[in-house]
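See structure below.
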Amino acid sequence: MLLCRVTGSTVVTVRAGGLGGAKLLVVRPEGGDPASSFVALDAVGAGSGDLVLVAQGTAARIPEATASAPTDATIVGIVDEASHDPGG
């Protein structure tokens, strides 16, 4: 999983059937270059500025809401607090 920041949203009027009405949000790995941003399917109701957990690859389709979705990145959690020990 990746720790990411929601930086925007995506408007899609025509989409594959498995995507249903799910929000597609632009996320950037925390501390990453803006060029590393990508689109993730939102399974938890995240919003702009939220710190989120993003599952990628096969794990992105494990949540029930995304089981049939053609996605390789799904927001699976909204982070309340995170700490990091750069020396550890």
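The values are calculated or read from the model by the stated rules, or taken from the named source; none is laboratory data. Note that the structure is a prediction, hence the values are computed from the model and not measured. Neighbour counts run over all protein chains shown; Cβ positions are idealised from the backbone, glycine included. When the accessible area is computed, the model is the full protein with side chains, heavy atoms only, and any ligands, DNA or RNA have been set aside. Shrake-Rupley method; radii C 1.70, N 1.55, O 1.52, S 1.80 Å.
Out of everything in segment 18-31 that is small (Gly, Ala, Ser) and touching a residue at least 12 places away in the same chain (Cβ under 8 Å), what residue ends up being surrounded by the most Cβ atoms within 10 Å (Cβ to Cβ)?
Of everything passing the filter in segment 18-31, ALA22 is surrounded by the most Cβ atoms within 10 Å (Cβ to Cβ).
Can you say whether THR13 is within 17 Å of VAL79 (Cα to Cα) and polar (S, T, N, Q), as far as the supplied structure shows?
Values: within 17 Å of VAL79 (Cα to Cα): no; polar (S, T, N, Q): yes.
When the stated conditions are applied, THR13 does not pass them.
Would you list the strands (runs of 3 or more DSSP E) that sit entirely within segment 23-88 and hold 1 or more residues that are of a type in the set (Gly, Ala, Ser) and closer than 15 Å to MET1 by Cα?
On the way: elements: 24-29, 38-42, 51-56, 73-78.
In segment 23-88, the matching strands (runs of 3 or more DSSP E) lie at 38-42, 51-56, 73-78.
Return yes or no: is VAL76 of a type in the set (A, V, I, L, M, F, W, C) and open to solvent by less than 40 Å² (accessible area, probe 1.4 Å)?
no
Out of curiosity, is ALA46 surrounded by 12 or more Cβ atoms within 10 Å (Cβ to Cβ), farther than 14 Å from VAL26 by Cα and among the aliphatic types (A, V, I, L, M)?
no
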